[in-house]
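Where a number appears in this text, it was derived from the coordinates with a stated rule and is not lab data. Computed from a prediction, not measured in an experiment: that's the story for all the values here. Glycine gets a Cβ as well: all are built from the backbone with ideal geometry, and neighbour counts include every protein chain shown.
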Amino acid sequence: MTESNTKSQDEHINQFITDLMNHQTRIRAYILTMVSNLSDADDIHQQAAQVMWQKYREAQPIKHFGAWAIRISHNIILNYYTKKKELLFSGLSKHAMEDIANRTLQVNDQLEIRKQALQSCVNKLDEQDREFIYFRYNHGQTIKNTAKHFGRSVHSLYRSMTRIHKNLMKCIQGKIISMEDAS
Amino acid sequence: MNEKQRDVFIEQLQFVLDNQLDVQDIPKLQQQLENDPDARDIYVEFMTMSSLLSDPDQFQNVHDNQQTGNLLREIVEADQILSHLNQAQINKLQSEKIEKQAKEKLNEFLGNQKTEPIDNNSSVNSDRLESNIRLKLPMIKVLAASIILGICLWLFLQPQFPSQIALLRKTVNAQWETSPGKRLYNQPYQLNSGLAEIEFNDGAKIILEGPAEITLESANGAYLKKGKLVAYVPDAARGFTVNTPFANFVDYGTEFGLVVDDASSEMSVFEGEVKVELQDKSSTQIVPAGESKHVVAGDHQIHDVISQTDYIRHLSEEVVVKPMEANFCKEPHWRLSFNDMQKMKAEHKVKAVGDFNFDPQGPALKHLPDNQAMMFKGDNHLNVNLQEQEIDNEEFTLSMWIKCNSKINQCIYMHHIDNFEADQVLYIERDKNNHTYLKYLFCMENKQEGHRTKHKIFRAKDYVPGQWMHVVIVFTKEKAVFYLNGQYIDQALIPAGYQIKEHPASYLTFGYAMNMTNIQSLELKSGKQFPGFNGSIDEFSIYQCELKGDQIQQLYSQSLW
């Protein structure tokens, strides 16, 4: 391989990494919403990243990386539906699924604002609630394991998490409205 | 949707997120999503928020230093793992090539110049690395698994600890080098004689005839180093592959026989078709039913052959596979040593909490490649969480070396919670007469009677702080037996009605006892806690069988120099 080929390949890889990093939050949010469980979403995210790279290295530069990546992820998700029959989405009509997909894309358009709002809302939680959220999500733990870690019953932690999520959702809505009003 | 319905809906989404929603609750939730646009809105809001919360950089402001530090360690450890990969797992030449590419990509990603690549022996420029990681933080996990490390680093990072991929269905006079038990894992097995029927998770079945050496590689494939097998592959398992030292055999939904010795592989197709591919990929053939092929070491051709080999295609005598017997229980199923722990940390199966170091003065065990022990200083602990592990049988043995440095009254070593119904705790306690005991306590919650009960405590008197001890606890269906330094100490009946539900390594903590659990409420006054552990632990192992007294004595005496 010549030096210029190597350089060009390196640039190609670097461009792909940059594109993927710029859009990965959006891709992941889409996958999780359409798959609905964290563990499968991670697997599909990894699988999608691999497929994207395979296609990317063979293709001309991609103009709209985000839309292209979502389309690839969507195809992988459809394949996943055919393998897993017991999914929440398996009994939904095409209309309902498309509606959820469209709502997801609309929400994803505000992802940066939502991210900022969420960060501020999480910081407003009391320390114990923040620790629950931190352990569950940042450590990638199930509710059951989170309950064990904090010495709580699983049932009571489900209740607590419902309260925390409800508060966070309400807080985010409030922030988005005030941000939109301000602008 | 009213407030209460909204609460119930959000609570159910929590279950969905963990894939824990009861099957009978799914239709109701589906109906809500189908018919109620509000429900769809809440669903999308909830999932989007959960995705953002599980985004690695969400908590960067809150736990910035910790997060960056952890990731820095993960990256460095990933590189270390890369350099300690088990080359036998995959083809050596291929692995070296990919490893080289992977290291180059890792170096590029971390912003190192080619003149100063990451080297296991060199110190890392932590400032530059940290700033690069900070920028590139969100994608590290995904990219490390797929792209950065030469697209397929994940091939190398196959679980260090076996995952179950097949079941042993029947055996006839089977003599194993090490009895495998009913569940089979992605690891090598040696059948010295007899027959064994193995069903892979994807549906293929093989009848293995001893003597044979086989490595189960995946839910749909194996590596046969030596021996004979017949494979029956239903449509669902098309693509089932048997690799051998000289050729690979890919099944297209059929039945075939294969025999491998030191110099050749011979394969006969009984039904359907099989693809034969030489190891160097120089030749490939599709072999139809009724034909046999022969591949010889060093000969780059696939030869026709009239097979003289007799294959056993059905097992007439059915023998129910029993859990492994003590005589065959030679190796631990699961071990936590210094070397293993580095890999487990990278796989998130072990999490160190607090400042964590290793004691270079571990027990001098002659069979170990390292003598470093996990060191606890009272303010750190270690969580082990192998979520995928299930109980294989009802017998297992815990073995460990422990040393307590402190002279305080209580010192916790290990805390295992079984499905929140029972606690098992190993600790040291000093009584008012100044006798020091090593104690093992078993507590359980009696749900019917609504109270907690404390069961038998094993006690070893006059333990001397600062000395290494070998502790073994053997669980069977009926009892638990306690050994110290190879000697039997005590035993207790397992409380009637209690059945161990989770694997001992499914949720295990070293150096710390959880708050508000059975052990806390029974053993300590309200509001107090066990003090943190000050000492060391090494070679924590779980044998999935009942070790007998003479084996434990042998394990202890053979371990020492």
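At-a-glance table
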| item | result |
| --- | --- |
| Inter-label distance, nm, simple model (7 Å from Cα along the C-beta direction), B:Asp490/B:Asp36 | 5.6 |
| For B:Lys293, A:Lys94, order by how many other beta-carbon atoms lie within 10 Å, fewest first | A:Lys94, B:Lys293 |
| Within-15-Å neighbourhood charge of B:Pro37 [Cβ basis; K, R +1; D, E -1] | -4 |
| Extreme residue, positive dipole direction of chain A, given options A:Gly91, A:Gln110, A:His139 (C-beta unit charges) | A:Gly91 |
| Average other protein chain Cβ within 10 Å of Cβ, residues B:3-12 | 3 |
| Fraction of antiparallel bridges per DSSP, region B:164-305 only, in percent to nearest 5 | 95 |
| Taking chain A and dividing mean pair separation by its residue count, relative contact order in percent (alpha carbons under 8 Å, at least six apart) | 19 |
| Burial ranking of peptide ranges A:114-122, B:31-39 (average Cβ count within 10 Å, highest at the top) | A:114-122, B:31-39 |
| Region B:190-240: translational diffusion in µm²/s, Stokes-Einstein, Kirkwood Rh over Cα pairs, 25 °C, 0.890 mPa s | 226 |
| Coordinate range along principal axes, alpha carbons of region B:164-305, Å, largest first | 39, 32, 23 |
| Residue-averaged 222 nm ellipticity for chain A, from DSSP H runs of 4+ at -39500 (n - 2.57), nearest 500 | -27500 deg cm²/dmol |
| Nonlocal Lys pairs with alpha-carbon distance under 27 Å, chain A (8 or more apart, or different chains) | 26 |
| With 5 Å bins from 0: P(r) over region B:3-53, alpha-carbon pairs, percent | 5, 19, 32, 30, 12, 2 |
